[in-house]
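Below: the structure, in structure tokens.
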Amino acid sequence: MPGKIIELEDVQLSLGDGAARVEVLKGISLTVEPGEAVGLVGPSGSGKSTLLMVMAGLERPDRGRVVLDGAELTGLGEDELARVRGRRIGIVFQSFHLVPTMTALENVALPLELAGRDGAFARAKAELETVGLGARLHHYPAQLSGGEQQRVAIARALAPDPAIVVADEPTGNLDETTGRGVADLLFGLKRERGTTLVLVTHDPSLAARCDRTVRLRAGRIAEPVPAAEI
């Protein structure tokens, strides 16, 4: 389907083993347009985060197709899958996932170095300055506030200049004021760069900033809804 940057077709996924195995995604079909901001909403356990991880190539579905910026993920080996993620997608987690023994600068440079990009540290420095952390380059995560750590995580996600950013509850571990600042930053950078954004959130005010909201219930898409109706 031309013009779609993310395509999911009949995606099914179960997690766990034996009697504990649970069907988490039950035939999800969804497309996302380039530059679109999509919010995934729904009750806890509805499959939102799992769906996001499938989109990012971090979970493999049992059945169905996943196409990310023209690259079909089905059947790719782990090395090629990692290369696709490194080129096409940035990921922001609720709990930041920074390397505690690395400075902010080293954390942001890491994906660039792994991808063999030239000037990794210069690019990392520029990204940290963009998110307002130019004075915190050499601080370790434990020396940063939660909001600052999430800004580092956003800089790390955007440093490789991905076409797509996915974010799992990006303000979930932050107080209201700090969370609003992080959301302003995330959506501002998305607009400036034309990046596609898909995020999971329980926060109606954050979902309302998206172009479109998709509600999940028990592993299925209930229906796409305007964010204002959440």
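When you go through LEU133, LEU144 one by one, which is the residue that is at pLDDT 95 or above, hydrophobic (A, V, I, L, M, F, W, C), out of contact with any helix residue (DSSP H, G or I) (no Cβ under 6 Å at 6 or more places or on another chain) and crowded, with 17+ Cβ neighbours inside 10 Å? Spell out the reasoning first.
Working: LEU133 fails: out of contact with any helix residue (DSSP H, G or I) (no Cβ under 6 Å at 6 or more places or on another chain).
Going through LEU133, LEU144 in turn, just one is at pLDDT 95 or above, hydrophobic (A, V, I, L, M, F, W, C), out of contact with any helix residue (DSSP H, G or I) (no Cβ under 6 Å at 6 or more places or on another chain) and crowded, with 17+ Cβ neighbours inside 10 Å: LEU144.
Given the criteria open to solvent by 80 Å² or more (accessible area, probe 1.4 Å) and touching a Ser or Thr at 6+ places or on another chain (Cβ under 6 Å), does HIS138 qualify? Spell out the reasoning first.
On the way: open to solvent by 80 Å² or more (accessible area, probe 1.4 Å): yes; touching a Ser or Thr at 6+ places or on another chain (Cβ under 6 Å): yes.
Against the criterion (open to solvent by 80 Å² or more (accessible area, probe 1.4 Å) and touching a Ser or Thr at 6+ places or on another chain (Cβ under 6 Å)), HIS138 qualifies.
Among the residues in the stretch 40-62, are any part of a strand (DSSP E or B), open to solvent by less than 60 Å² (accessible area, probe 1.4 Å) and farther than 30 Å from GLY134 by Cβ? Give the steps one after another, and end with the answer.
Looking only at the stretch 40-62, we keep the residues that are part of a strand (DSSP E or B), and these are 40-41.
Okay, now just the ones that are also open to solvent by less than 60 Å² (accessible area, probe 1.4 Å), so 40-41.
If we keep only those that are farther than 30 Å from GLY134 by Cβ too, we end up with 40-41.
Taking every residue of the stretch 40-62 in turn, at least one turns out to be part of a strand (DSSP E or B), open to solvent by less than 60 Å² (accessible area, probe 1.4 Å) and farther than 30 Å from GLY134 by Cβ.
Residues of the stretch 71-92 being touching a residue at least 40 places away in the same chain (Cβ under 8 Å) and either open to solvent by less than 40 Å² (accessible area, probe 1.4 Å) or part of a loop (DSSP other than H, G, I, E, B) (or both), which ones? Can you show your working first?
Of the residues in the stretch 71-92, the ones touching a residue at least 40 places away in the same chain (Cβ under 8 Å) are 86-92.
The answer is GLY86, ILE89, GLY90, ILE91, VAL92.
Answer yes or no as to whether VAL214 is among the hydrophobic types (A, V, I, L, M, F, W, C) and more than 26 Å from LEU105 (Cβ to Cβ). So that I can check it myself, show each step before the final result.
On the way: among the hydrophobic types (A, V, I, L, M, F, W, C): yes; more than 26 Å from LEU105 (Cβ to Cβ): yes.
Judged against the criteria, VAL214 is a match.
Could you please let me know if VAL92 is under 18 Å from the mean Cα position of the chain (by Cα), closer than 29 Å to GLY146 by Cβ and of a type in the set (A, V, I, L, M)?
Values: under 18 Å from the mean Cα position of the chain (by Cα): yes; closer than 29 Å to GLY146 by Cβ: yes; of a type in the set (A, V, I, L, M): yes.
So VAL92 passes the test.
Give me a count of the residues in the stretch 25-39 that are surrounded by 23 or more Cβ atoms within 10 Å (Cβ to Cβ) and touching a Gly at 6+ places or on another chain (Cβ under 7 Å).
The number of residues fulfilling the criteria is 1.
Under the condition of being of a type in the set (Val, Ile, Thr) and assigned to a strand (DSSP E or B), which residue from the stretch 1-23 is nearest to LEU68 (Cα to Cα)?
So, considering only residues that are of a type in the set (Val, Ile, Thr) and assigned to a strand (DSSP E or B), the one nearest to LEU68 (Cα to Cα) is ILE6.
How many of the residues making up the stretch 93-118 are at pLDDT 95 or above and either outside any helix (DSSP H, G or I) or open to solvent by 60 Å² or more (accessible area, probe 1.4 Å) (or both)?
So the count comes out to 7.
The rows are residues; the columns are (1) within 12 Å of the chain's Cα centre (by Cα); (2) free of Cβ contacts under 8 Å to residues at least 12 places away in the same chain.
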{"position": "SER145", "(1), (2)": "no, no"}
{"position": "ILE154", "(1), (2)": "yes, no"}
{"position": "LEU158", "(1), (2)": "yes, no"}
{"position": "ASP168", "(1), (2)": "yes, no"}
{"position": "ASN173", "(1), (2)": "no, no"}
{"position": "GLY179", "(1), (2)": "no, no"}
{"position": "LEU185", "(1), (2)": "no, no"}
{"position": "ARG191", "(1), (2)": "no, yes"}
{"position": "GLY194", "(1), (2)": "no, no"}
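The values are calculated or read from the model by the stated rules, or taken from the named source; none is laboratory data. As the structure is a prediction and not an experimental result, all values here were calculated from the model. So basically every Cβ, Gly included, is an ideal-geometry build from the backbone, and we count neighbours across all protein chains shown. Accessible surface is based on the protein model in full, side chains and every heavy atom, while ligands, DNA and RNA are left aside. Shrake-Rupley method; radii C 1.70, N 1.55, O 1.52, S 1.80 Å.
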